């Protein structure tokens, strides 16, 4: 675990991330990058971290890994009461709604979990452990319509091949994916407001820590409170497609 924050001693912080553009991914030179990686780097450097180690893992290992102390913190993920029982969250850093990645033309006209639930022949891909699974079930998507993947790349390939009809993730993430891969192959569909059950407010994402690592969490929180929404923060996030739509809701809390 990280030592108490001190600018007089060397401090190494290990942060886990997953392959999920635009939030985090590994470049060809094995350098971790992405919006969440950039935010973590700026904040950790500001609180005195002299060495930052980026640990690639799977989504299903993020919470167990930080809870067990295998690393110090996780990149942001959606805050839920169940997750808050396992880890300690930072202040929120973004707010985002869900969307689908579908084949170009959206052959089955899927624009919400409810629309997918109404089609018995529609299949949905979800990454193991992500909140989209609960959201889909709350909208009455049946379990036999859902296929679970460990890695985003496998879910994307399943959409491409037609094995599934939609991949559920954040609307922003899917929009970036569709733009990167090309509109002739994929299309990003943002869920229409009010179509996914009782959820009205956009859910928040936050860094997470071992519950006993209050020194690091408190230092990160203090820096986030002064940095989020600043011109530098907005400029850095804009490079990855994160805009005021995702930033401003957490500032208004």
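Within segment 1-18, track down each residue that is at pLDDT 90 or above and over 11 Å from residue 75 (Cβ atoms).
12, 13, 14
Conditions tested, residue by residue: (1) at pLDDT 95 or above; (2) touching a helix residue (DSSP H, G or I) at 6+ places or on another chain (Cβ under 7 Å); (3) in the same structural domain as residue 210 (by TED's automatic domain parsing); (4) on the phi < 0 side of the Ramachandran plot.
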residue: 50; (1), (2), (3), (4): no, no, yes, yes
residue: 69; (1), (2), (3), (4): yes, no, yes, no
residue: 73; (1), (2), (3), (4): yes, yes, yes, yes
residue: 79; (1), (2), (3), (4): yes, no, yes, yes
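Quick one: which helices (runs of 4 or more DSSP H) lie wholly within segment 138-236 and hold at least 2 residues that are in the same structural domain as residue 104 (by TED's automatic domain parsing)?
152-161, 171-181
If you take the residues in segment 21-53 that are in contact (Cβ under 8 Å) with a residue 60 or more places away in the chain and in contact with a strand residue (DSSP E or B) (Cβ under 6 Å, 6 or more places away or on another chain), which one is nearest to residue 220 (Cα to Cα)?
44
Report yes if residue 116 is under 20 Å from residue 23 (Cα atoms), in contact with a helix residue (DSSP H, G or I) (Cβ under 9 Å, 6 or more places away or on another chain) and in a helix (DSSP H, G or I), otherwise no.
no
So, residue 92, is that one surrounded by 13 or more Cβ atoms within 10 Å (Cβ to Cβ), closer than 22 Å to residue 229 by Cα and at pLDDT below 95 or not?
So residue 92 does not fit the description; no.
In the list 153, 163, which residue meets the criterion of being surrounded by fewer than 16 Cβ atoms within 10 Å (Cβ to Cβ), over 12 Å from residue 100 (Cβ atoms) and out of contact with any strand residue (DSSP E or B) (no Cβ under 8 Å at 6 or more places or on another chain)?
Exactly one of 153, 163 is surrounded by fewer than 16 Cβ atoms within 10 Å (Cβ to Cβ), over 12 Å from residue 100 (Cβ atoms) and out of contact with any strand residue (DSSP E or B) (no Cβ under 8 Å at 6 or more places or on another chain), namely 153.
How many residues are at pLDDT below 95 and within 23 Å of residue 68 (Cβ to Cβ) when one looks only at segment 19-33?
The number of residues fulfilling the criteria is 2.
The values are calculated or read from the model by the stated rules, or taken from the named source; none is laboratory data. It should be emphasised that the depicted structure is a prediction, and the values quoted were computed from it without experimental measurement. Note: ideal-geometry Cβ built from the backbone for every residue, glycine included; neighbour counts use all protein chains shown.
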